[in-house]
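Novice: Attaching a single structure in structure tokens format; questions to follow.
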């Protein structure tokens, strides 16, 4: 009886089943709240032709930048891809397809994917390149764009703590895209700073219920800071 | 300077501005997590011709049942209206319009209203009376119904604790429809068991950020139980 | 002999698998919780905002803030989580619940289900039932084979307003277990002592019987 | 004389009202936080998931889990709340943020804004800007009146890919404050010592001037 114990102890087990050509969601905003060890494992596995859905594409040599180095990403769906010279080069040379998506629309497309909503209307992007080729429609005199939802074969998320049943809590702004992505993965893997016993997380404070999480692994995090800015 | 202090001390102030014909959302599931004092005030104000959006319609003599007694509700949007003889009578005699809405669709229509999404597609209700007169559409071989979102002139919600800035936390299953309704009201009024100072609620555990809440009042709750069921 | 309500629940409980997240409808389906095999773990979802529903409380544990979708006081197990109705139905609509068990007035050979309204008589609303039948990966209906007038509830085509279309995978009644696919009820088990002829007679929809039909294993 | 970046921020800060929830874009708009009048309270929203953003941290307070939308380390004020990106943009898209201040490459007399892409040159993505301009109740653009080549950035029609249409209510530049409505820039204030002629010359879009045009009150 495995019951609801979702804990795995190796990165091989954490990403077992990843194949070339899959769609992978990766949590984080910039380098904040990214599943560092799972991304490194993805590079190690050399899975190719991936469609990656992530708000950003890391920086040169860290985060999703690691996958760019090995040309593992075929299509990138993101809202902001600056701070990454290799990315710009691959993009401009058309070595990689990039689907720029407004950040709020991206977040909502992922939430909708996890929530069984195939498409929704938003005013965001109406009248811009983002709306090109998409259906638009008026509601109450305002124009909106129809946006289909997103799901993934794997969602790789980073949480602060998990219990063994996969319930997750996030810390400060390291939450960002992680909770929605956890709901939208066919298999969701959470890399966390600490694994606790069931009951140690307050049931009213759980951000992601364990039903969404299939595997939990304790990670080691460098937590690199992109822009250390102080008041001094 | 009022700043962000949202606390009001009288029910008159809490519901100032309510007018005949308005649309009012009322939180709660059955009698669990309902804003008891705000509903009583609504009865006291004798506002009429209201459109009420609430999962249920209370019971005879309690909760929204109070408004039924005075025939204050013109249209009721709800998912389940049993356990209420007066309601059934008004419904069957066509003294009140009732728009039965699947519970999940109701929850999502309210969330969408608060989130600036005018409409979304759901499989719920496809092929049933709920879909009559609504647009349907296929995505990936499955049929879905287009559902417009809901907003309200006033949202009356019940929370466990609020800080003076309107940040809310809910307790156990008394959360239910309250968080979404808080986002969908032009004016949102929260009736709570306890008001605390800013900083006393953990920023990671706030269920409803204060941006959604315009007035906070400390209430007195009877917390009537519909079906006390024990293991004994 | 026809099964009791408890025996129907007992048979449905045999469908549960270790690690399943399950939503049990109001009424007879709720009884399934009493028969979860000890060899497996199952988490119960209550659509009013609780994953990890426990048993009914003892008198001193009763909490008005902790109820199930039937508005009964309940408890929460260790490892439970609370959430809003929007988040609860995101879970349901998104297909994250492994199994839903619910009652019905009628089902038909297309997998349609009518469970929430009898026009002019019973007009209480669908609650979460329409979302549950549209969202769950696997839906089992639990009901008596016939209504109180002896009329079959397993029809060629439902006559009451539908809760959902093409969604019921399996039905467990007091007489039989049947799978529903390709426009047909497929008999797979019968209640102990109930004849195939009786089942045939009491099933108004298209019925397919092939191979040995074993008796249900209930006590 | 043309305003400095700090003076533009100072002028925009005069638009803030007590109790406002405000989102300040990356770059020059961020400076507005330094000029919030002491007589009012304002809450800053950061779209990566924070309501109640505080100042930059002291060295020993730096926390890699606490950044703003520009990926800078920040702090949170007493009464702050954290939430997901979906919840953050529900807040923005739903019109709950009272004021958004953001930069632009170009704006035009229809209230259109181009701020995220220069084809072939700068292709970093729109981040949250498209949602912010579509969702906020009130949008003020903060920018220089002309680009580095001396060309007006207040146009009849934007030439770069748009971030949003018919959404900019007001622009504060180093030379002027203008409201935008009915297909026209309406001059309301000028920088101290800057002539109306200079503003007219440097505004490529339709310009309306009526009544006394006061000087901005900046220090």
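Quick note: the coordinates plus some simple rules give every number you see, no bench work behind them. For clarity, every value in this text was computed on a predicted model and none was experimentally measured. For neighbour counting, all protein chains shown are included, and Cβ atoms are generated from backbone atoms with ideal geometry for every residue, glycine included.
Novice: Rg(Cα) of segment D:5-211 divided by 2.2 N^0.38 Å?
Specialist: 1.03
Novice: Any chance you could tell me what percent of the C-alpha pair distances in segment B:1-88 go past 23 Å?
Specialist: Within segment B:1-88, distances greater than 23 Å cover 21 percent of Cα pairs.
Novice: Tell me, how many Å apart are the Cα centres for segment C:103-132 and for segment A:189-219?
Specialist: Between the Cα centre of segment C:103-132 and that of segment A:189-219, the gap is 37 Å.
Novice: If I take R0 = 30 Å and measure r between the Cβ atoms of residue A:231 and residue D:14 in this structure, what FRET efficiency does the formula 1/(1 + (r/R0)^6) give, to the nearest 0.05?
Specialist: 0.80
Novice: What whole-number distance in Å separates the alpha-carbon centres of segment C:22-37 and segment D:1-79?
Specialist: What the calculation gives is 53 Å, centre to centre.
Novice: If we hang a label 7 Å off Cα along the beta carbon direction at residue B:21, how far is it from the matching labels on the other copies, in nm, shortest first?
Specialist: 6.1
Novice: For C:131-138, what's the mean count of beta carbons from other chains sitting within 10 Å of each residue's beta carbon?
Specialist: Mean partner shielding for this stretch: 5.
Novice: Provide a whole-number value for the mean count of partner chain Cβ atoms within 10 Å of the Cβ atoms in peptide B:161-168.
Specialist: 2
Novice: I've got another one for you. In deg cm²/dmol and to the nearest 500, what is the mean residue ellipticity at 222 nm of chain D if only DSSP H runs of at least 4 residues count, each as -39500 (n - 2.57), divided by the residue total?
Specialist: -3500 deg cm²/dmol
Novice: Strictly greater than 27 Å: what percent of every Cα pair in chain B meets that?
Specialist: Percent of Cα pairs beyond 27 Å in chain B: 34.
Novice: Could you work out how far the C-alpha centroid of segment B:80-139 sits from that of segment C:158-219, in angstrom?
Specialist: After rounding, the separation between the Cα centres reads 32 Å.
Novice: Another question, then. Looking at the protein assembly as shown only, what percent of DSSP beta bridges run antiparallel? Nearest 5 please.
Specialist: The antiparallel proportion sits near 40 percent.
Novice: What are the distances, in nm and sorted shortest first, from the label point of residue A:97 to the label points of the same position in each other copy, with each label point placed 7 Å from Cα along the Cα-to-Cβ direction?
Specialist: List, nearest first: 4.6 nm.
Novice: Continuing with this model, one more query. Compute a Gaussian network model of chain B, connecting alpha carbons closer than 10 Å, and tell me which residue from B:123, B:162, B:40 fluctuates the most.
Specialist: Answer for the Gaussian network model of chain B: B:123.
Novice: Treating the point 7 Å from Cα along Cα-beta-carbon as the label, what are the nm separations from residue A:222 to the other copies, to one decimal?
Specialist: Between copies, matching label points for residue A:222 lie 6.3 nm apart.
Novice: With r defined as the distance between the Cβ atoms of residue A:44 and residue B:143 and R0 fixed at 41 Å, what FRET efficiency is calculated, to the nearest 0.05?
Specialist: 0.45
Novice: According to a simple spin-label model (label point 7 Å from Cα along Cα-to-Cβ), what is the distance in nm between residue C:34 and residue C:217?
Specialist: Calculated label separation equals 2.2 nm.
Novice: Another question, if that's okay. Give the order of B:91, D:185, B:177 when sorted by the count of other beta carbons within 10 angstrom, beginning with the fewest.
Specialist: B:91, D:185, B:177
Novice: Ok, one more. Tell me the angle of helix A:103-114 to the major Cα principal axis of chain A, expressed in degrees between 0 and 90 and rounded to the nearest ten.
Specialist: Its long axis makes an angle of about 60 degrees.
Novice: Oh, and also: How are the Cα pair distances of segment A:118-224 distributed, in percent, across 10 Å bins from 0?
Specialist: 14, 35, 22, 19, 9, 0
Novice: What are the semi-axes of the equivalent ellipsoid for segment A:39-155, taken as the square roots of 5 times the Cα gyration tensor eigenvalues, largest first, in whole Å?
Specialist: 29, 16, 11
Novice: Counting alpha carbon pairs within less than 8 Å and at least 6 residues apart, what relative contact order, in whole percent, applies to segment C:1-160?
Specialist: 21 percent
Novice: Which translational diffusion coefficient, to the nearest whole µm²/s, is obtained for the protein assembly as shown from the Stokes-Einstein equation, given a Kirkwood hydrodynamic radius over C-alpha pairs, 10 °C and 1.306 mPa s?
Specialist: Roughly 55 µm²/s, to the nearest whole number.
Novice: Please list C:209-217, B:216-224 highest first by mean number of surrounding beta-carbon atoms within 10 Å per residue.
Specialist: The peptides rank, most packed first, as B:216-224, C:209-217.
Novice: While we're here: Rank these for me by crowding, B:10, D:84, going from fewest to most other beta carbons within 10 Å.
Specialist: Neighbour counts put them in this order, fewest first: B:10, D:84.
Novice: Quick check on the exposure proxy: order A:110, A:117 from fewest to most C-beta atoms within 10 angstrom.
Specialist: Going from least to most buried by this count: A:117, A:110.
Novice: So, R0 is 56 Å and r is the distance between the beta-carbons of residue A:69 and residue D:197; what FRET efficiency does that work out to, to 0.05?
Specialist: 0.50
Novice: Can you give the helix-only mean residue ellipticity at 222 nm for chain A, where every DSSP H stretch with n ≥ 4 adds -39500 (n - 2.57) and the sum goes over all residues, rounded to the nearest 500 deg cm²/dmol?
Specialist: -5000 deg cm²/dmol
Novice: Please compute, for peptide C:157-169, the average count of beta-carbon atoms on other protein chains lying within 10 Å of each residue's beta-carbon.
Specialist: 3
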